[in-house]
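The values are calculated or read from the model by the stated rules, or taken from the named source; none is laboratory data. Small disclaimer: the values here were computed from a predicted structure and weren't measured. Here the Cβ positions follow ideal geometry from the backbone for every residue, glycine too, while neighbour counts run over all protein chains shown.
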Amino acid sequence: IFPLYMCSAILKVDNKANLTMTFPAHDSGRIDCLMSLVILPNKVQNVARELFGVNLEIDGNIWYVILGNGVRLLPGLELHLQGAQNEGIVGLLGNSISSAIKGSPIRREEVREAMLATSCVTLIITRSPQEGGVLNLNLEVGEGFELKRALFD
């Protein structure tokens, strides 16, 4: 399902990917399926760059987000990156995940509003580079169930 690099970026517990999928019990109208992946600490920088086009740097024991104009953003306890571009999604997460994101209600609404970057992909990092990150993906429910079957059955 995932390209090789992404497979190596997901934390493994007992030789299984640290990945969860949540299907809301009621129709929220916004989130059909949420996939969460725990990203290894040494892969967070590349995931952030590929998906969001931002550079992360470590200074001491703290992550900084470096913007193109040189501005440094210091996260509080957590930093949430949103606004992934389609090229990064396809390249890093693969076609199956990209298709499931494109089908989600939020992404369909974003496309209608001519938004290039999607809020359906969020990377959460703490200020500590030793802790890694969590990548949340908002997926269309039908494709989410297909992915769940492929991953867990």
Given the residues Gly29, Gly88, Gly83, which is the only one that is closer than 21 Å to Ser119 by Cβ, modelled with pLDDT under 95 and touching a strand residue (DSSP E or B) at 6+ places or on another chain (Cβ under 9 Å)?
Gly83
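State all residues of the stretch 1-46 that are aromatic (Phe, Trp, Tyr) and surrounded by fewer than 16 Cβ atoms within 10 Å (Cβ to Cβ); if no residue qualifies, say none. If you could, list the steps in order and put the result at the bottom.
So in the stretch 1-46, the residues aromatic (Phe, Trp, Tyr) come out as 2, 5, 23.
Correct list: Tyr5, Phe23.
Does Thr122 satisfy being modelled with pLDDT of 95 or more and either farther than 27 Å from Ile1 by Cα or among the hydroxyl-bearing types (Ser, Thr, Tyr) (or both)? Break it down into steps so the answer makes sense when it comes.
Numbers: modelled with pLDDT of 95 or more: yes; either farther than 27 Å from Ile1 by Cα or among the hydroxyl-bearing types (Ser, Thr, Tyr) (or both): yes.
So Thr122 passes the test.
For a quick check of your reading: which strands (runs of 3 or more DSSP E) sit entirely within the stretch 47-138 and have at least 1 residues that are surrounded by 15 or more Cβ atoms within 10 Å (Cβ to Cβ) and either touching a Phe, Trp or Tyr at 6+ places or on another chain (Cβ under 7 Å) or among the acidic types (Asp, Glu) (or both)? Step through it out loud before you land on a result.
On the way: elements: 55-59, 62-66, 78-84, 118-126.
It comes to 55-59, 78-84, 118-126.
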Within the stretch 104-112, identify whether any single residue is closer than 29 Å to Lys148 by Cα, in contact with a helix residue (DSSP H, G or I) (Cβ under 8 Å, 6 or more places away or on another chain) and of a type in the set (Gly, Ala, Ser), and answer yes or no.
no
